[in-house]
1. Looking at 168, 126, can you tell me which residue is of a type outside the set (Phe, Trp, Tyr), crowded, with 22+ Cβ neighbours inside 10 Å and assigned to a helix (DSSP H, G or I)?
2. Show the residue pairs that are 6+ apart or on different chains and have beta-carbon atoms under 9 Å apart, the first residue being within segment 226-238 and in the same structural domain as residue 274 (by TED's automatic domain parsing) and at pLDDT 95 or above, the second being assigned to a loop (DSSP other than H, G, I, E, B) and of a type outside the set (D, E, K, R).
3. Which of the residues spanning segment 112-125 are within 16 Å of residue 193 (Cβ to Cβ) and within 9 Å of the ligand (Cβ to nearest atom)?
4. Could you tell me whether residue 20 is in contact with a Lys or Arg (Cβ under 6 Å, 6 or more places away or on another chain) and among the hydrophobic types (A, V, I, L, M, F, W, C)?
5. For residue 245, work out the one condition from (1) within 23 Å of the chain's Cα centre (by Cα); (2) part of a helix (DSSP H, G or I) it doesn't fulfil.
6. Within segment 76-93, is there a residue that is within 27 Å of residue 201 (Cα to Cα), among the aromatic types (Phe, Trp, Tyr) and either assigned by TED's automatic domain parsing to the domain that holds residue 184 or free of Cβ contacts under 8 Å to residues at least 40 places away in the same chain (or both)?
7. Does residue 196 count as in contact (Cβ under 8 Å) with a residue 40 or more places away in the chain, assigned to a strand (DSSP E or B) and within 14 Å of the ligand (Cβ to nearest atom)?
8. Those residues that are buried (at least 20 other Cβ atoms within 10 Å of the Cβ) and in contact with a Phe, Trp or Tyr (Cβ under 9 Å, 6 or more places away or on another chain), I need them from segment 102-123; list them, please.
Amino acid sequence: MKPAPFAYAKARSVAHAVELLSAHDDARIIAGGQSLVAMLNMRLAAPEILIDINDIPGLSEVSVEDGFLRIGALVRYAQAQRSPLVSTHAPLIARAIPHVAHAAIRSRGTLGGSVAFADPAAEMPACMLALGARIVIAGVDGEREVAIDDFFKGLYETAIGPAEMLVALRLPLHGPSRRVAFGEYARRRGDYAMVGLAATARAQGAGLADVRLAYFSVGLNAVRAQGAEAALEAGDVEGAVAALDGDLDPDGDIHASRDTKMHLAGALLRRVAAELSEAAQ
Ligand SMILES: Cc1cc2nc3c(=O)[nH]c(=O)nc-3n(C[C@H](O)[C@H](O)[C@H](O)COP(=O)(O)OP(=O)(O)OC[C@H]3O[C@@H](n4cnc5c(N)ncnc54)[C@H](O)[C@@H]3O)c2cc1C
């Protein structure tokens, strides 16, 4: 299918992009286009105007600033995969990226677009949740920062307002006691996961503290399993698996029933818990 007609504007700066957004009731930003173009072609989206942010200077940078790794909105998966700053300071992201789609999509798709889009089956929103990221959002009045725990609001809904854009992701730097683990079950390599889990923790003696377990493909958004987190902090892996009954409430879909998803969520948790604990020794 072909998209419905739309106007097109190339933003010169973040200020220009938000000015264009606030001047139109039905505008959409286009970044890598790897989700949006398919939605346009299928007429699941028919915005009045597309605002192209690809030429805005400064949004494609990865840097370390004020104790955080800053990933600009236009950093592509492929660029992040090659970045020594990402592998050193955000190894969870480096672990997860190979599971996102295929090389062609990773060469255009952006981490910022994935987080702004908030697909419940996507890897990056869950990684941001596990890492305790901060999301930098710009509007006509300047920039604001939202903690990831307050960012996801519902299916494909986030704290980004209609006249705002995501400008960067800020991740706490990986430290020597930090542990990360990642796993997903997908039918084929590169497919969206049936169930996935991104996790971080701090090694404390032989145990784990500050555990963050972020599941994806089990709800309207990436979701933390807080009962399971508390059980893992108490060293009780089977208790953590049992706690998932209260933490997760997935609907079945064409790929897996609710029972299958819950079973896979438990299996992933055992794997991820073993990985976190091994790394903590
Ligand atoms: C065949 C295929 C398989 C895929 N498999 C996976 C997969 O396994 N896992 C996965 O996570 N993803 C997958 N994707 C999606 C891919 O990761 C997208 O790149 C990503 O979801 C969106 O990034 P983008 O830069 O392409 O955003 P776009 O498609 O340009 O935009 C997506 C949405 O986000 C908004 N947006 C983009 N940037 C911003 C911004 N800076 N501020 C505010 N809003 C913004 C747009 O307005 C739009 O609504 C797949 C895509 C395809 C085509």
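The values are calculated or read from the model by the stated rules, or taken from the named source; none is laboratory data. Note that the coordinates shown come from a computational prediction; the quantities given were computed from them, not determined experimentally. Here the Cβ is made from the backbone with ideal geometry for all residues, glycine too, and neighbour counts use every protein chain on show.
1. Within the list 168, 126, the selection yields 126.
2. Short answer, once both residue conditions are applied: 228/248; 235/206.
3. If the condition is that a residue be within 16 Å of residue 193 (Cβ to Cβ) and within 9 Å of the ligand (Cβ to nearest atom), then 114, 117, 118, 119, 121, 122, 123, 124, 125 are the ones that fit.
4. Here the answer is no, as residue 20 does not meet what is asked.
5. Result: residue 245 passes all but (1).
6. yes
7. So residue 196 passes the test.
8. 106, 109, 110, 111, 114, 115, 117, 118, 120, 121, 122, 123
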